[in-house]
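Enquirer: The structure under discussion is supplied below as structure tokens; questions concerning it will follow.
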Amino acid sequence: MLYSESLGDEGATMVFLHGIAGSTRYWRSRIAPLAIDHRLLLDDLLGYGKSPKPWTKYTVDRHVEELYQIVHGQKAITIVGHSFGAIVAIAFCARFPHLVKRLILFSIPYFGDKEGAIKYFSESHLAERYVTTNIAFAALACMVTRWVLRWFLPYVLRDMPPEVVEDLTRHTWRSYTSSLWDGVYGHDLFADADRLDPECGVYCLHGSADTTAPLSGVQKLLSNRSRWKLRILENGDHHPLLRNPQWCLNEIILAMKN
């Protein structure tokens, strides 16, 4: 069973899904004001945070199955997902449309297909290129980070909150590499988007300077989807919630009213 936290007990239910290498702590302190009028469920995805980390393939379908065990008793939920969590949110809504009223999606990574993702990251700087295009190197980087570099990360990643930096070591190389290759690169996100109920509201929040999930990708995903809404944080990177939490809260509240 996934690790889950609950904030607030009044109003509509909102489910929050973090990205790869995240946890409930990515959201907790930043979305707490929403608990005044909503019931918030914060979940650690399988393989991350305090959730189980089995030796398995971390496909989108597996993540969806685990999430269903947590929320199947809810109705008209809003799923808020960041990065890989946004992919899981779309897939969940495509498979269980009767449970979901709206999606609020931060920084969706969409590259078209595996070849498109590899091609995109092959043009990034050296360290990121090796981690995102070579699965063996990615696994090695996870192990080195977890057992060797963990003590130095807070001093290197000074622009990230301490709890977010700590979470970079709270997964396994298997959960990381499989979520990335099987979940992001190998999953047909476009097909899931086509399966969504037209009545489901979809609100995308994206940084204009996001180099991890380029804006051009989400714009392509939104093409010919007139009911999907896109709001852009100028000069924002892959973490709008960390850089401008008030802007994000305002956008979430606005989406919840529609």
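Enquirer: For the range 34-60, give me the residue count where each residue is assigned to a helix (DSSP H, G or I) and surrounded by 15 or more Cβ atoms within 10 Å (Cβ to Cβ).
Expert: Qualifying residue count, the range 34-60: 3.
Enquirer: Does any residue of the range 223-237 turn out to be touching a residue at least 40 places away in the same chain (Cβ under 8 Å), within 22 Å of residue 20 (Cβ to Cβ) and open to solvent by less than 20 Å² (accessible area, probe 1.4 Å)?
Expert: no
Enquirer: While we're on this one: If I go through the range 202-222 residue by residue, how many of them are touching a residue at least 24 places away in the same chain (Cβ under 8 Å) and more than 23 Å from residue 100 (Cα to Cα)?
Expert: 10
Enquirer: Being within 17 Å of the chain's Cα centre (by Cα), surrounded by 23 or more Cβ atoms within 10 Å (Cβ to Cβ) and aromatic (Phe, Trp, Tyr) is the requirement here; does residue 3 meet it?
Expert: no
Enquirer: Out of curiosity, is residue 75 surrounded by fewer than 15 Cβ atoms within 10 Å (Cβ to Cβ) and within 19 Å of residue 201 (Cα to Cα)?
Expert: Taking the combined requirement at face value, the residue satisfies it.
Enquirer: Count, please, the residues in the range 158-207 that happen to be open to solvent by 20 Å² or more (accessible area, probe 1.4 Å), assigned to a helix (DSSP H, G or I) and within 22 Å of residue 247 (Cα to Cα).
Expert: 2
Enquirer: Still on this structure, I have one more. Out of the residues in the range 208-222 meeting the condition of being in a loop (DSSP other than H, G, I, E, B) and β-branched (Val, Ile, Thr), tell me which one is least open to solvent (accessible area, probe 1.4 Å).
Expert: 212
Enquirer: Can you tell me which residue within the range 103-134, out of those that are among the acidic types (Asp, Glu) and not in a loop (DSSP other than H, G, I, E, B), is least open to solvent (accessible area, probe 1.4 Å)?
Expert: Looking at residues that are among the acidic types (Asp, Glu) and not in a loop (DSSP other than H, G, I, E, B), I get 128.
Conditions (1) more than 24 Å from residue 110 (Cα to Cα); (2) free of Cβ contacts under 8 Å to residues at least 24 places away in the same chain, marked per residue:
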residue: 145; (1), (2): yes, no
residue: 154; (1), (2): yes, yes
residue: 159; (1), (2): yes, yes
residue: 174; (1), (2): no, no
residue: 182; (1), (2): no, no
residue: 193; (1), (2): no, no
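The values are calculated or read from the model by the stated rules, or taken from the named source; none is laboratory data. Here the structure is a predicted model, which is why all the values come from computation and not from measurement. When we count neighbours, we look across all protein chains shown, and the Cβ atoms used for this are built from the backbone with ideal geometry, even at glycine. Only protein heavy atoms, including side chains, enter the accessible area calculation; ligands, DNA and RNA are left aside. Shrake-Rupley method; radii C 1.70, N 1.55, O 1.52, S 1.80 Å.
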